[in-house]
Structure formats: structure tokens, C-alpha cells
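The values are calculated or read from the model by the stated rules, or taken from the named source; none is laboratory data. It should be emphasised that the depicted structure is a prediction, and the values quoted were computed from it without experimental measurement. FYI the Cβ positions are ideal-geometry reconstructions off the backbone, even for glycines, and counts take in every protein chain you see.
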Amino acid sequence: MSKIAAAFDHGKAFIAFITCGDPNLETTAEAVKAAVSNGADLIELGIPFSDPTAEGPVIQEANLRALTGGVTTDKIFAFVRELRKEVSVPLVFMTYANVVFSYGAEKFISTCRETGMDGLILPDLPFEEKEEFLPLCRQYGVDLISLIAPTSENRVAMIAREAEGFIYLVSSLGVTGTRSEITTDLQPIIRTIRENARIPVAIGFGISRPEQAKAMAGLSDGAIVGSAIEKILAQYGKDAPEHIGRYVREMKNALE
């Protein structure tokens, strides 16, 4: 069992997304530790990118703040190296294929392994093009995590059969961001995933309130929250970690 899958073996998982370097890496470290100490089972670390096509305005602005603050991929790897001294839950990067290409795919993925990263999510990487990275990910023991969206339709079974770590099920069409309600009928998609994969599936995009997290985790194995956490960072800046801890505790309690 991969370390990522093990994050789901003690009940419904709460997955927190945090952009690295917003407003600085010191705050990111404290935010991650606050989330983990309050029940987060897995952390997605966003590597900022200048054109994050899957992201709504909240995470776009977080990316801009981080890049303006001078964060780089090398600084993020150094940050993870230090973070791993205190944080043992699974960590995955979420970024864009161009970030990996420009760094050098083998250098990037081998450094993921060396620093203690467990997985990689590339929302702009089509399933049909994953061979660009998959052999390197397998060589270095980094799970390349697949996304399935409501538009995946007849590709759901194919993606699920080859997925690793966990499956990221996108709840709604469009970009990331909080939503007042999630109306997509996800049950048929999850049924197809269950028929074709033995790994966990977690739902993300649009989840911000405890009742939403509970409903989505009720359908799947966990809930992923990003924009709501980034809003706290935007509001409180360097003082955000304490508020993030309280928020994560409330969301995690809703899953239990």
C-alpha cells in the first residue's frame, strides 16, 4: 500500500490544499502543521504557477502573492525538506506540467522522492499524455494522481483502472472555488470508479462548509478543501495558521 492510500485507512480523510509561499514559506509551514495537528490526513502543497488554468480567483491570487514574494521551486523543495522533520502525513504537490518540464522532469520527480513527497497532481496533464511523467514517477516511488471530472464520461473506467495513490474526483465543472451547493450527480461516476479501482477516491472543488464535506465524504473516501483555506490565508496573512487549525478541526469533525 502506498503511503497516500494509507491516509484513508482510518476513516474518511480530510485533505487540505495550501499554496506554498502565501504570504511566505514560514507561514505555509505553520499552516501545514496547524492543519495536521487538527486532523488533516493528507496535505496538497500547491507550487505556484503564473497561469493556473484549473484555479478560480482565490487560488489564482494566492499564486500571485506567492510568486510576487519570490517563492521558487528550489525554495519549496528546501521548505519540504525542513517540513518533513515535523510532519509525517502524506504530502503531494499540485502544480502544472510546465513547472515540472521547466525544472526538468527527472530532476523534479527525483527531488520529490529525496525530500519526502509522496505524490504529484498535474491538473493540466491529459490522461493520454501521462506517459510523459509516469515512468519517472514509478522509478522514484512518487504516485502520479489522476483526476476524474464529470466530463470524463466514457473515460472514467479507463482512468480508474490505471490510477495510483488516490483518485481526485472533481465535483463540478469549471475552476476551483467555494460553491453554495454542489449539484452534480456524482454517484454514477463513483460507482464506475469502484468497479474499476481498489484505491480511495476523494472529492474536491467547491467544498467549504462542514455539511458539504460530510455529504461528499459520505459518497466517497474523503473531502478536499483548498479555496476556503486560501481565503483564510488572504484574510489573516501571517496570523492565518491558528484560524486554519480551527477551520480544519471543524471540517474534520464533520467527517467523523
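A few points about this structure:
- In the set (1) in a helix (DSSP H, G or I); (2) at pLDDT 95 or above, Ile224 fails one condition alone, (1).
- Complete set of residues in segment 78-108 that are aromatic (Phe, Trp, Tyr) and over 17 Å from Leu122 (Cα atoms): Phe79
- Among (1) modelled with pLDDT under 95; (2) closer than 13 Å to Lys12 by Cα, the one test that Asn253 misses: (1)
- Count of segment 93-112 residues which are over 11 Å from Val80 (Cβ atoms) and either acidic (Asp, Glu) or surrounded by 15 or more Cβ atoms within 10 Å (Cβ to Cβ) (or both): 12
- Condition check for Leu25: crowded, with 19+ Cβ neighbours inside 10 Å and of a type in the set (A, V, I, L, M): yes
- Top-ranked residue in segment 136-158 [being among the charged types (D, E, K, R) and either modelled with pLDDT of 95 or more or under 14 Å from the mean Cα position of the chain (by Cα) (or both); ranked as nearest to Ile193 (Cα to Cα)]: Asp143
- For segment 73-92, a tally of residues being of a type outside the set (S, T, N, Q), buried (at least 18 other Cβ atoms within 10 Å of the Cβ) and part of a helix (DSSP H, G or I) returns 5.
- Among the residues of segment 84-92, some residue qualifies, meaning at least one is without any contact (Cβ under 8 Å) to a residue 12 or more places away in the chain and not small (Gly, Ala, Ser).
- Taken over segment 1-48, the criterion of being of a type in the set (Asp, Glu), closer than 16 Å to Pro200 by Cβ and at pLDDT 95 or above is satisfied by Asp41, Glu44.
- Selection status of Ile59, modelled with pLDDT of 95 or more and outside any loop (DSSP other than H, G, I, E, B): no
- Condition check for Ala66: crowded, with 21+ Cβ neighbours inside 10 Å, over 16 Å from the mean Cα position of the chain (by Cα) and part of a helix (DSSP H, G or I): yes
- Residue within segment 39-56 that is part of a helix (DSSP H, G or I), crowded, with 24+ Cβ neighbours inside 10 Å, in contact with a strand residue (DSSP E or B) (Cβ under 6 Å, 6 or more places away or on another chain) and not polar (S, T, N, Q) present: no
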